[in-house]
Every structure is written in structure tokens, then in C-alpha cells.
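The values are calculated or read from the model by the stated rules, or taken from the named source; none is laboratory data. If you're wondering where the values come from, they're calculated on a predicted model, not measured in any experiment. Virtual Cβ from ideal backbone geometry, glycine too; neighbours counted across all protein chains shown. SASA here: full protein model, heavy atoms, side chains in, ligands and nucleic acids out. Shrake-Rupley method; radii C 1.70, N 1.55, O 1.52, S 1.80 Å.
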Amino acid sequence: MPKYLLEVNYTLDGLKGVMKDGGAKRKAAAASAAKSAGGKVDAFYFAFGGTDVFVIADFPDNQSAAALALAVSSAGGASVKTTVLLTTDEVDAATGKEVKYRAPGK
């Protein structure tokens, strides 16, 4: 299954929820939501800095990953930035594809 990096930032209300319920409940909620979208959480980490939570998850396709991100963001407690992750085999396959491209001004 394809892997995705989800960068989660809580709103003020979302942070209040974390303070009330704790981090383990947020991880459980993320795992349950991913499962309902056909996915699975591989890793869930709270962080300092510009991003509150980093999640690495498997989803069967982009639509499933997008469905989760849309559901989380539209609920109002957090926003999600989703990045598709590529394996080394996928990058190797990409480097083997011929692409006809002309740079601007050339």
C-alpha cells in the first residue's frame, strides 16, 4: 500500500482537546479514522516546532488519503498537509522513464 506523511496542526480547540484527553486518545482516534478510510497508521509522533503531529500511514490510494485529510480538516480541530511518500524502487522506476522536456528559454 502507498505510504503518506500527514503533517497535523491543531487549532486552539484541537489543542484544548489534546490537553483534556491526552495524546494516547488522539493517536487512537487517528488510527480509527485511518482504518475507516481503508488505511493503517504506521507511526504517530507529537513534535515541537511548526507541526504538532507527524503521522506516517498506509492508504490504498490517493482518494482514501484525501478523504481522511478532508474529514480531519473539515471537523475544525486540526488541519492536515498530506505528502505522498515514494519508495526507492518507485524512484528508480521513475528515473528509468524517458521524459521529453524543454527548459524555459532553451
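Odds and ends about this structure:
- Test: residue in the stretch 76-98 that is over 12 Å from residue 2 (Cα atoms), surrounded by 13 or more Cβ atoms within 10 Å (Cβ to Cβ) and over 11 Å from the mean Cα position of the chain (by Cα): yes
- Where a residue in the stretch 46-59 is over 16 Å from residue 26 (Cβ atoms) and its partner, wherever it lies, is in a loop (DSSP other than H, G, I, E, B) and open to solvent by 20 Å² or more (accessible area, probe 1.4 Å), with Cβ under 8 Å and at least six apart: 58/1; 58/2; 59/1; 59/2; 59/37; 59/38
- Residues located in the stretch 19-33, provided they are under 18 Å from residue 4 (Cα atoms), in contact (Cβ under 8 Å) with a residue 12 or more places away in the chain and open to solvent by less than 60 Å² (accessible area, probe 1.4 Å): 30, 31, 33
- Matching residues, the stretch 47-75, being loosely packed, with under 14 Cβ neighbours inside 10 Å and under 17 Å from residue 11 (Cα atoms): 47, 48, 49, 50, 70, 71, 74, 75
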